[in-house]
Amino acid sequence: MRRMQREAVDRLFVGCRELLTLGEGPATGARRRVAKDSLEVIADGAVAVQDGRVVATGTRADVEARFEAESIDLGDRVVMPGFVDCHTHPAFAATREAEFHLRCQGADYMEIAAAGGGILSSVRAVQAASEDELTEHTRRHLARFVEHGTTTVEAKSGYGLTTADEVKSLRAIRRAAEGLPLTVRSTFLGAHEVPMEYRARRDAYVDLVIEEMLPAVEGLCEACDVFAEPKVFDLRQSRRILEAAKSRGLGLRVHADEIEPMGGAELAVELGAESADHLPQVSEAGIAALASSDTTAVLLPGTSFYLGKPKHAPARRLLDAGAAVALSTDLNPGSCHTWSLPLIVTLGCVLLHMTPEECITAITINPAASLRLDREVGSLHPGKRADLVALDLPSWRGLGYLFGGNPAAVTVKDGEVVHRRA
Ligand code: NIG
Ligand code: FE
């Protein structure tokens, strides 16, 4: 047999009991109607890396025959693309366990909010923090994603609610991200709640968001989000803010149809939003609109679970209609306090009746596509960033099966090991 010259690369990641590349499908674009084949599960796999990018994937024998490099052993684990979390609220300065305690005694999330607690209590803490203090809190919150195997995160402001405090929040996210092995994309959420002093003149707050905040946050974010709810920002107010953001070139993401139905999903699709998020109350028309659009349905079962809501997003109907579906944590101090996408996969399987294959797609390539980062992350196609997570699981099917533990043993970002569980 002819002896081939092996190509020199920076390193090979080996010790992949099963390697999921998602390579049996297009490198870019959200996936709909996924099957197991699209995951591409390689037994005893390896990844060749050069300059922080994937060069090739395959069986260890094949990759070692083609490439010469130092090997890093991932410990006979299930290895897949680093998780992509496309809906999080990490720019907060204080936790809200007292509110959790109240909810356990029967208080309702929206009642707490109407009385000035909830989001507004986080707003008081953020307003009281200096930019340096908020940067440090945000850095701590973002760092925990890395421990849980997440390598790309969308991060929202939204606990500032004044122009200065929203700018401070987005600057804190940017500064926190600079020191971390995490790809972070920022979203402006000045329309997260109506401050108390505007409750009698809500349109004046909408004016402030449009006329003062949007110009002030230019260059600090890539997208704009609105908490579109009848009792927070109604359809007309949500549309005004989103249209203004769109005209400034921002991507649109919408907290839609979460607590009460309002046609938020239809609005998101009509405006060409990147995503419509939450959706327990989405209408039939909203499902149909999402299915025939490029707007990703971002489902957050951790939130409906944590708030004790009986109704979850109709994932099965969305998937079967052909919508692009992503799953995210919604990490925040009030309605969902978790960093774990594997936990969200369990909830996706059990509460939303999604298949494990659909869930894996929903925490990798689909959220990457919704963030317009699918050329960079979300699968292990050659040329993408070498972002990996090595999971302590017997097989990829165990991702949802494990309940409540953290299976992420090693996290690799841009080809470097950035976290190894002690
Ligand atoms: O997505 N619903 C609005 N925003 C967050 C909750 C934020 C909070 O309670 O602090 C959400 O669930
Ligand atoms: Fe949210």
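The values are calculated or read from the model by the stated rules, or taken from the named source; none is laboratory data. Just so you know, these numbers come straight off a predicted model, no measurement behind them. Note that we place each Cβ from the backbone using ideal geometry, even for glycine, and neighbour counts take in every protein chain shown. Surface accessibility is based on the protein's heavy atoms, side chains included, excluding ligands, DNA and RNA. Shrake-Rupley method; radii C 1.70, N 1.55, O 1.52, S 1.80 Å.
Checking 336, 359, 349 one by one, the residue that is more than 16 Å from ligand 2 (Cβ to nearest atom) and closer than 23 Å to residue 268 by Cβ is 359 and no other. For the stretch 316-351, the set of residues classified as β-branched (Val, Ile, Thr), within 16 Å of ligand 1 (Cβ to nearest atom) and outside any helix (DSSP H, G or I) consists of 329, 338, listed by residue number.
Quick one: how many residues across the stretch 147-170 are over 22 Å from residue 52 (Cβ atoms), open to solvent by 20 Å² or more (accessible area, probe 1.4 Å) and part of a loop (DSSP other than H, G, I, E, B)?
1
Here is the figure for the stretch 59-73: residues that are β-branched (Val, Ile, Thr) and in a strand (DSSP E or B) total 2. So, residue 92, is that one closer than 26 Å to residue 345 by Cα, within 16 Å of ligand 1 (Cβ to nearest atom), aromatic (Phe, Trp, Tyr) and surrounded by fewer than 19 Cβ atoms within 10 Å (Cβ to Cβ) or not? Answer is no for this residue. Among the residues of the stretch 126-142, those identified as under 20 Å from residue 336 (Cβ atoms) and surrounded by 18 or more Cβ atoms within 10 Å (Cβ to Cβ) are 126, 137, 138, 141, 142.
Inside the stretch 228-282, residues that are surrounded by fewer than 16 Cβ atoms within 10 Å (Cβ to Cβ) and either of a type in the set (S, T, N, Q) or within 15 Å of ligand 2 (Cβ to nearest atom) (or both) make up a count of 1.
All of 37, 51, 73 fail the test of being surrounded by fewer than 23 Cβ atoms within 10 Å (Cβ to Cβ) and without any contact (Cβ under 8 Å) to a residue 24 or more places away in the chain, apart from 37. Filtering the stretch 283-307 to residues that are touching a residue at least 60 places away in the same chain (Cβ under 8 Å), buried (at least 24 other Cβ atoms within 10 Å of the Cβ) and either more than 15 Å from residue 228 (Cβ to Cβ) or of a type in the set (Gly, Ala, Ser) (or both) leaves 296, 299. Quick one: which of 411, 361 is under 18 Å from residue 145 (Cβ atoms) and of a type outside the set (D, E, K, R)? Result: 411 is the single residue among 411, 361 that is under 18 Å from residue 145 (Cβ atoms) and of a type outside the set (D, E, K, R).
Checking each residue in the stretch 281-301 for being in a helix (DSSP H, G or I) and away from ligand 1 (no atom under 16 Å from the Cβ) picks out 284, 285, 286, 287, 288, 289, 290, 291. Set side by side, the residues 76, 85, 44 differ, and just one is within 16 Å of ligand 1 (Cβ to nearest atom), in a strand (DSSP E or B) and of a type in the set (D, E, K, R), which is 85. Taken over the stretch 26-53, residues that are at positive phi and modelled with pLDDT under 95 amount to 1. For first residues located in the stretch 229-252 and closer than 17 Å to residue 161 by Cα, partners that are in a loop (DSSP other than H, G, I, E, B) and open to solvent by 80 Å² or more (accessible area, probe 1.4 Å) and lie 6+ apart or on another chain with Cβ distances below 9 Å do not occur.
Table: residues versus (1) surrounded by 17 or more Cβ atoms within 10 Å (Cβ to Cβ); (2) part of a loop (DSSP other than H, G, I, E, B); (3) out of contact with any Gly (no Cβ under 7 Å at 6 or more places or on another chain).
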residue: 353; (1), (2), (3): no, yes, yes
residue: 357; (1), (2), (3): yes, no, yes
residue: 360; (1), (2), (3): yes, no, yes
residue: 375; (1), (2), (3): no, yes, yes
residue: 379; (1), (2), (3): yes, yes, no
residue: 382; (1), (2), (3): no, yes, yes
residue: 394; (1), (2), (3): no, yes, yes
residue: 399; (1), (2), (3): yes, no, yes
residue: 411; (1), (2), (3): yes, no, no
